[in-house]
Each structure stands twice: as C-alpha cells, then as structure tokens.
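Participant: I have a structure here, written as structure tokens, and I will follow up with some questions on it.
The values are calculated or read from the model by the stated rules, or taken from the named source; none is laboratory data. Just so you know, these numbers come straight off a predicted model, no measurement behind them. Glycine gets a Cβ as well: all are built from the backbone with ideal geometry, and neighbour counts include every protein chain shown.
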Amino acid sequence: MTTKPKAKKYRIRRSEGAAAQAKPAAPAQPAAHASGDGAPKPAVQSAAANVADVLQKEPMMFDNGSDDGFGDQTFRTDGAAAVAADPAEAEKPQTPAEAIDAIRREGLTGRQLRMARRVAQKQGLAPVSDFDAVRLLREKGIDPFKRANMLELVAKDQPSTPATTGDAKPQLPSTVTQKPQVPSTQVITEDQRAKDIMAIQKDIAKRRRRRATLLMIRLAIFVLLPTFVAGYYYYAVATPMYATKSEFIIQTAEPSSAGQLGGLFSGTGLATSQDSITVQGYLQSRDAMIRLDEDEGFKDHFAQPQVDALQRIEVDGTNEDAYKLYKKHVKIGYDPTEGVIKMEVSAADPATSALFSERLIDYAEERVDQLTARLRGDQMDGAEQSRRDAEAKMIAAQQRIVELQEKLGVLSPESEVQAVFGQITQLESELLSERISLQTTLENQRPNQAKVSASRNKIAQLESLIEEKRAQLTESNANTGSLARISGELLVAQADLEVRQGLLAQAEAQFEAARLEANRQVRYLSVGVTPVAPDEPTYPRAFENTVLAFLIFCAIYLMVSLTSSILREQV
C-alpha cells in the first residue's frame, strides 16, 4: 500500500511559444508566473495560487502504481532549465555528488523517488539512495518518470509463481489500482464555498434528524411501549391485594439471678437470634404453605376467577406453583438489632389476609415451643431416672439392714457389744474382789479350809463366765455367728445405707436443677403488633411500579445499546 504523497512545489507546463522566446542564459521562472506568450497574467497567477492552496490542504492519493497523477505531462526543474539555458554548462561533466545535489534541488516528491528506485532495481542497478537511482537512470538514458517506463514497471511487478521465478528479488508492497486524482484547477469563490458549507451543514442536520428520529423510534418500541403495557396492567388489570402486617418477638424465661456474662445479652435480640431465624425460615418454607392450605385453603383462595391471570393459580395446580405465589404474598423479615420478626401477608380480601396472618403466627408459636421441647425432655428424663435409681438403691440398703437384724436377732450391734462388755467388766470386778478375799483368808495362820475352797470355786466360776462372754464376742455359733461378725455386717449395711441416702439427696438436687433449667429453656412468642384487616387495598402500587418498570427498561436499553456500540467498534 503506497503512502499518500504531499506535493510541496507545483509547476505549470510552459507552452511551446514561451519556451522558444525564453532567453538562453536566464534561469527558468516558475510556471505560475508565465503565460503561454511569456507575459504574466493576473488570472493565470490567481488560478495557480488557488490550485496550490487547494493541493496543500487536500492531500493527493496516488494509489495507482502505473500513473503519477499528471498523465503524460513533464516538468522542467531548475537544473534542467539551467542546462537548456546554457548548453556549454550542460556539456560540462558533473561529479556524482554534484548530480545528486542538482537532483535534490529539483524538488521531486517522495513517490517519484520511490518509483525511480524501483525502476533502477528493475534495470539491475544498485543505487545507494533514491537520488542516486535517478542519477544512474539518467546516465543510462532512462527517464524514470516517463509513462512508458512506469507502465513497464507495473507489468513487471505482476506476481509470479515460485516455479517461474528464477531468483529471489525484494518484493515491494503492492498498490491498489484507482483512478488518478489529479489536482483540480477550478477556482473556488466565496459564494461557492458558502454554498458548499451550507450543503454540508444541511447534510449534517439531516443526518442528525434521521438519527434522532431512529432513536425516538427505538425508545418508543423498547422503552415506552413496555412501560405502557406495565402501567396498563397495574392500573386496569391487576387485582387489588390487601396486606395485613404483624410483628412478634421470641422471649426466654431467664431468671433474674442470672450471672453477669449470662445476663449480658438476656434482654437483647441476640439471645434469641437463632430461634428467630429458625422461625423465619419455617414460615417461609413449603411446610408452612402446605399447613396453611390444608387449614384455610390457600390454593382455593388464589384460584378464584376474580384474581387476575398473573396472580391466579390453577385449582389442581402443583405445590411448586402455589409455593412461588406463597413467597410473593407472604413476606417475612427479621431485624437482628431488635430481635423483631415482621410479617406481611396479602390476599384478595382483608378478612382472609388477617386469617392467614393469625394462622401463621400460631404455626410460629408451635414451632417455637417445639424448638426446646426435646432438650427439656432429655434433661428432665435423665434427672428423673437418676433420682429413681438412687431411691431404689437406698430402699434396698434399708431392707438389707432389716433382714440382718431379723436374721441375727440383734437390733443394734453397738448396744449388744456394750452389754457384753459391761457383763465382762462386772464379772472381772467380782473376780478381783474374790481373789482379794481369798488372799486375805490365806494370810491367816490357820485359814478356814471350807471358806478357802468356796472362794476358789467362785473364782473358777467367774473366770469361766468371763471366758464365755469373751468367746461370745469373737467366736460364732451355728445359728447367728459371732457378735463381731454381726456387728460388721450391720455396720457395712448401715454405711451402704448412708451412701445411698447421699446419692438420693444428690439426685434430688440434680432433678430440681434440671427442672429449673428446663423452665428456663422455654421459649415464648410475644405478639407486638396484632394482625388487623385493612380497609383499603395495599397492592398494586400503580404509579411506583410503573416508574420502576420505566427505569428498568431504560437501563436494559442503555446496556444493550452500549454493548452493541462497543461490539460494532471492535468488529
């Protein structure tokens, strides 16, 4: 693809008569200052100046490689005129540097220089620059700007197949063949310029009006028409709906003696936020919708013929269709800062709307009560079972003591042991007295033998009784056993009874604590705003919904327009 040439110097061709009358020694004047007879004329000078002005403002496009835009016209440069004026100097040989300097002063265009280089390459020359290419061609006797040479150059530039091409030569960019756009010699007057400007302004205004008209048509089709349809539906077709609003909170039975950390959030909504979120999810679930339909006929109410088509469901419609409509007409919100659940239920008549709202509040209260029922039941069941086991074991320990007492015939082993020890002490006291008496008797010179024998027999009997009493404490008989064994069994049974009594007291304390904890786990649903049937329809909000529809359609149109514009620019 060729570069658009920008002509800096323009010369008008001399006529043959003027060339013959010109002085040989004088340098050639610019063509813009000479006429056909050699005398300058103002009209010619004005035309040349206008042409030069137009060509300086409008770049020429010479995309045709076979023509330079001037046809078969030839231009004489200053150097050529000087040669024609002075034949002696023309015959004088010039060095390559002087010849290149003279060619540079001719004011050749960039396109002419590039064409000269291409002609030189076709002729097999090796120029070092574009001006050197012009010099070499002229020395060889070839005019690089001759039309026949240019046509020959274009004919040789035709693409050839690799099979016919013998040697590789530099391939230059191809040119696009177009009609030559020669500079116009027409002089544009002020009136013509004003007319052209007016025509351009009218064309711009016409295109702006056309674009504005197309924009208005598109806006009317894609924005105004859908908005009109939406407004017509909201104002004339939509069935009025009555909304009943209610508010309730979930409270706990926290005692006033709660700890500092435990009672920090007891009065806020954070204490029951989990229960409130659970209740909110339940009221928005399919389970609540199915219960409401079974109890109050939710589907039948919205299947009535007076309900518009967009809000009406079929009589035998599926639960999914009913659930979609349920989510639109039952709106529940939860405020975590205050812990308040806000509910809005809308229906085709106010009484039904209030009835639906009351039913949903009842469902919420049941769900709240069921949230902690299992926890409270498990706590109470565990404490009750522990108390019953401790009580049964305590009764068994008491029964064991009674059986031992009946079996051994001992009411109290301590009293029995104390009685035996008392008897032994008394017998030992009598034995000591008797020994003292015998010793006193034996100290006489002639003791009474009968008295001595009686004392000795009494001492032997006392010793025998003492041994029997001591044997009664340690040795066991065939029926009851020893008193020590009986006392040990009774002591073990009494110790077991004391342990069972302690466990029973602990189980009783745990049962009471579990009962208190269960009572504290109870949740209560307190209704702050009671459902009241409205006397005017709440929905549809025709004006607000129409404006919202207009804004939505405008946004969609703007997004589509921007996207299409960007894609069109990219493509």
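Participant: Is it fair to say Y234 is part of a helix (DSSP H, G or I), of a type outside the set (D, E, K, R), touching a Pro at 6+ places or on another chain (Cβ under 9 Å) and touching a residue at least 24 places away in the same chain (Cβ under 8 Å)? Full working, then the answer.
Facilitator: On the way: part of a helix (DSSP H, G or I): yes; of a type outside the set (D, E, K, R): yes; touching a Pro at 6+ places or on another chain (Cβ under 9 Å): yes; touching a residue at least 24 places away in the same chain (Cβ under 8 Å): yes.
Answer is yes for this residue.
Participant: Show the residue pairs that are 6+ apart or on different chains and have beta-carbon atoms under 7 Å apart, the first residue being within the stretch 423-437 and surrounded by 14 or more Cβ atoms within 10 Å (Cβ to Cβ), the second being among the acidic types (D, E).
Facilitator: L431/E463
Participant: Output the residues belonging to the stretch 273-291 that are in contact (Cβ under 8 Å) with a residue 60 or more places away in the chain and more than 21 Å from N319 (Cβ to Cβ).
Facilitator: Narrowing the stretch 273-291 to residues in contact (Cβ under 8 Å) with a residue 60 or more places away in the chain: 273, 275-276, 278-280, 282-283, 288, 291.
Within the stretch 273-291, S273, D275, S276, T278, V279 qualify.
Participant: In the set D321, D362, D300, which member is within 17 Å of M241 (Cα to Cα), free of Cβ contacts under 8 Å to residues at least 24 places away in the same chain and not aromatic (F, W, Y)?
Facilitator: D300
Participant: Would you please name the residue that is modelled with the lowest pLDDT, looking only at residues in the stretch 391-416 that are of a type in the set (G, A, S) and either part of a loop (DSSP other than H, G, I, E, B) or in contact with a Gly (Cβ under 6 Å, 6 or more places away or on another chain) (or both)?
Facilitator: From the stretch 391-416, those of a type in the set (G, A, S) are 392, 396-397, 409, 412, 415; that's our starting set.
Retained after the next criterion (residues that are either part of a loop (DSSP other than H, G, I, E, B) or in contact with a Gly (Cβ under 6 Å, 6 or more places away or on another chain) (or both)): 409, 412.
Working: G409: 60, S412: 63.
Ranking the qualifying residues of the stretch 391-416, first place goes to G409.
Participant: Quick one: which residue in E338, E384, E314, E344 is of a type in the set (D, E) and in a helix (DSSP H, G or I)?
Facilitator: The match here is E384.
Participant: Moving on to the next point. Restricting to the stretch 317-332, name every residue that is modelled with pLDDT of 90 or more and not in a helix (DSSP H, G or I).
Facilitator: V330, K331, I332
Participant: Got at least one residue in the stretch 525-542 being assigned to a helix (DSSP H, G or I) and modelled with pLDDT of 90 or more? Full working, then the answer.
Facilitator: Quick first cut of the stretch 525-542, residues assigned to a helix (DSSP H, G or I) only: 542.
Filter once more, so that each one left must be modelled with pLDDT of 90 or more: 542.
The answer is yes; a qualifying residue exists.
Listed here are the residues, each with its yes/no results for (1) in the same structural domain as G339 (by the TED database); (2) polar (S, T, N, Q); (3) at positive phi; (4) modelled with pLDDT under 90.
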position: A220; (1), (2), (3), (4): no, no, no, no
position: V223; (1), (2), (3), (4): no, no, no, no
position: F248; (1), (2), (3), (4): yes, no, no, no
position: G262; (1), (2), (3), (4): no, no, no, yes
position: R286; (1), (2), (3), (4): yes, no, no, no
position: D295; (1), (2), (3), (4): yes, no, no, no
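Participant: Further, regarding this structure: With the checklist (1) within 33 Å of the chain's Cα centre (by Cα); (2) under 30 Å from D349 (Cα atoms) in hand, flag the one item V571 doesn't pass.
Facilitator: Unmet for V571, out of (1) within 33 Å of the chain's Cα centre (by Cα); (2) under 30 Å from D349 (Cα atoms): (2).
Participant: Could I ask something else about it? Could you list, in sequence order, the residues of the stretch 316-361 that are more than 15 Å from L292 (Cα to Cα), among the hydroxyl-bearing types (S, T, Y) and surrounded by 16 or more Cβ atoms within 10 Å (Cβ to Cβ)?
Facilitator: The one that is more than 15 Å from L292 (Cα to Cα), among the hydroxyl-bearing types (S, T, Y) and surrounded by 16 or more Cβ atoms within 10 Å (Cβ to Cβ): Y334.
Participant: Could you tell me whether any residue of the stretch 324-342 is in contact with a Lys or Arg (Cβ under 9 Å, 6 or more places away or on another chain), among the β-branched types (V, I, T), closer than 29 Å to S273 by Cβ and in contact (Cβ under 8 Å) with a residue 12 or more places away in the chain?
Facilitator: Yes, the stretch 324-342 contains a residue that is in contact with a Lys or Arg (Cβ under 9 Å, 6 or more places away or on another chain), among the β-branched types (V, I, T), closer than 29 Å to S273 by Cβ and in contact (Cβ under 8 Å) with a residue 12 or more places away in the chain.
Participant: Determine, yes or no, whether T213 is modelled with pLDDT of 90 or more, of a type outside the set (A, V, I, L, M) and assigned to a loop (DSSP other than H, G, I, E, B). Walk me through it before giving the result.
Facilitator: On the way: modelled with pLDDT of 90 or more: yes; of a type outside the set (A, V, I, L, M): yes; assigned to a loop (DSSP other than H, G, I, E, B): no.
Considered against the rule, which asks whether it is modelled with pLDDT of 90 or more, of a type outside the set (A, V, I, L, M) and assigned to a loop (DSSP other than H, G, I, E, B), T213 comes out as no.
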